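S.K.: Structure below; questions to follow.
Bear in mind that the values in this text are calculations on the coordinates, not laboratory data. The structure presented is a predicted model; accordingly, all values stated were derived computationally and were not measured. Cβ coordinates were reconstructed from backbone atoms using ideal geometry, including for glycine residues, and neighbour counts include every protein chain displayed.
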Amino acid sequence: MSENGNKVAIVTGASRGIGAAIAERLAADGFTVVINYAGSVGPAEALAARIEKAGGRAITAQADVSDPAAVARMFDAAKAAFGRIDVLVNNAGIMQLSPIAEAGDELFDRQVAINLKGVFNGLREAARRLRSGGRIISFSSSVVGLLQPGYAVYAATKAGVEAMTHVLSKELRGRNITVNAVAPGPTATELFLQNPQEVIDRLTKLTPLERLGQPQDIAATVAFLAGPDGGWINGQVLRANGGII
Ligand code: NAP
């Protein structure tokens, strides 16, 4: 059994995109994974079946991360199923772009509810329940560095994630739990590929490695932070972005 054997990881937003790649990678690395999703039950169940077929262990857990009670129930379900929780990956997120002058209240409220409050809900449960040796990994974005027009609200939610990451890493002093964030650059998922082709091409060219990130690139970064080699990284934001900033 690998060094991660018996450890349990909750991955939010794991029905597709980066989260699905993270769940698959952590399962391959020996973690038992809890595949959280909001609405995509079919893809989440299919991923769990794929992981089980490959010899891993996985369950699915529906929860809208913006709902604190639902997030608490998800942690309860993970504990009930496996008796322990070692890793939380706060990956669930949405992106809605607009210049501030044209942005509606709904665009602001939804991104804050899912990207910021959703991460807060996960951090709070993890801070209360993770075991010694635990790892908490939340999702920022390299747009916090790029700060392009249209990204104000999205980037603000991610800057908030980075702030909470730094603070929680200090609040958990003495618990032997690391708290970090991963900040991907452009990555080939539905969230990014909703951009106009011209934006996709421009950002791909802007990246020194001259390609889009793949979900597996980001999953490898998370696996490092969650696994035995990442134990000395704490309170950091790791920009996994091919060098775009
Ligand atoms: P994606 O392909 O759109 O997938 C989003 C995932 O989040 C889905 O599994 C979705 O589940 C879930 N989700 C959405 N709202 C949720 C909610 N309220 N509660 C629970 N789950 C919810 O996005 P992605 O590109 O993989 O993004 C993953 C993370 O990386 C996000 O935090 C994003 O901001 C960040 N990021 C992405 C990029 C990029 O270029 N792709 C760059 C930087 C940062 P359902 O299908 O059930 O709705």
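S.K.: How much net charge surrounds residue 6 when only other residues with a Cβ under 15 Å from its Cβ are counted (Lys, Arg +1; Asp, Glu -1)?
M.R.: After counting each charged neighbour, the total is +3.
S.K.: Measure nothing fancy, just the Cα-based angle from helix 68-82's long axis to the longest principal axis of the chain, in degrees from 0 to 90, nearest 10.
M.R.: 40
S.K.: Now for a different question. Peptides 234-244, 162-172: what's the order by average Cβ count within 10 Å, highest mean first?
M.R.: 234-244, 162-172
S.K.: What dipole magnitude, in Debye to the nearest 20, does region 99-245 give about its Cα centre under +1 on Lys/Arg Cβ and -1 on Asp/Glu Cβ?
M.R.: For region 99-245, the charge dipole is close to 800 debye.
S.K.: Placing +1 at every Lys and Arg Cβ and -1 at every Asp and Glu Cβ, with all other atoms neutral, what dipole size does the chain have around its Cα centre, in debye to the nearest 20?
M.R.: About 820 debye.
S.K.: Next question, about the same structure. Mind listing the long-range amide H neighbours of residue 237? Cut-off is under 5 Å, sequence gap 5 or more, other chains count too, H placed in the peptide plane at 1.01 Å from N.
M.R.: It is 181, by chain and number.
S.K.: Excluding residues on the same chain fewer than 8 positions from residue 158, give the lysines whose Cα lies under 26 Å from its Cα.
M.R.: Cα-Cα hits under 26 Å: 117, 170, 205.
S.K.: Arranged from highest to lowest average of other beta-carbon atoms within 10 Å per residue, in what order do the peptides 200-211, 130-141 appear?
M.R.: Descending packing order for the listed peptides: 130-141, 200-211.
S.K.: Which ³J(HN,Hα) values, rounded to whole Hz and listed in residue order, are derived for region 165-170 from phi using the Karplus coefficients 6.51, -1.76 and 1.60 in 6.51 cos²θ - 1.76 cosθ + 1.60 with θ = phi - 60°, glycine and proline given as x?
M.R.: For region 165-170, the Karplus curve yields 4, 4, 5, 5, 4, 7 Hz.
S.K.: While we're on this one: Order these peptides, 53-65, 108-120, by their mean beta-carbon neighbour count within 10 angstrom, highest first.
M.R.: Result, highest mean first: 108-120, 53-65.
S.K.: Under the rule a/c < 1.5 gives rounded, and otherwise a/b versus b/c splits prolate from oblate, where does region 1-84 land using the Cα gyration tensor?
M.R.: Oblate is the answer for region 1-84, as a/c is 1.5 or above yet b/c matches or exceeds a/b.
S.K.: Which of 228, 184, 196 moves the most in a Gaussian network model of the chain with Cα springs under 10 Å?
M.R.: Greatest mean-square fluctuation among the candidates belongs to 196.
S.K.: Under the rule of -39500 (n - 2.57) per DSSP H run of 4 or more residues, summed and divided by the residues of the chain, what mean residue ellipticity at 222 nm is obtained, to the nearest 500 deg cm²/dmol?
M.R.: -13500 deg cm²/dmol
S.K.: Counting only C-alpha contacts under 8 Å and six or more residues apart, can you give the relative contact order of the chain as a whole percent?
M.R.: 20
S.K.: Follow-up question, since we're still on this one. For region 222-235, what does the Karplus curve 6.51 cos²θ - 1.76 cosθ + 1.60, with θ = phi - 60°, yield as ³J(HN,Hα) per residue in whole Hz, taken in order and with x for Gly and Pro?
M.R.: Listing the rounded values in order: 5, 4, 4, 5, 7, x, x, 7, x, x, 9, 8, 8, x Hz.
S.K.: Please report the net charge: other residues with Cβ closer than 13 Å to the Cβ of residue 79, K and R +1, D and E -1.
M.R.: Result for the local shell: +2.
S.K.: On to the next question. Got a sec to turn the phi values of region 116-131 into Karplus ³J(HN,Hα) couplings, 6.51 cos²θ - 1.76 cosθ + 1.60 with θ = phi - 60°, whole Hz, x for Gly and Pro?
M.R.: Listing the rounded values in order: 9, 5, x, 5, 4, 4, x, 4, 5, 5, 5, 4, 7, 10, 5, 7 Hz.
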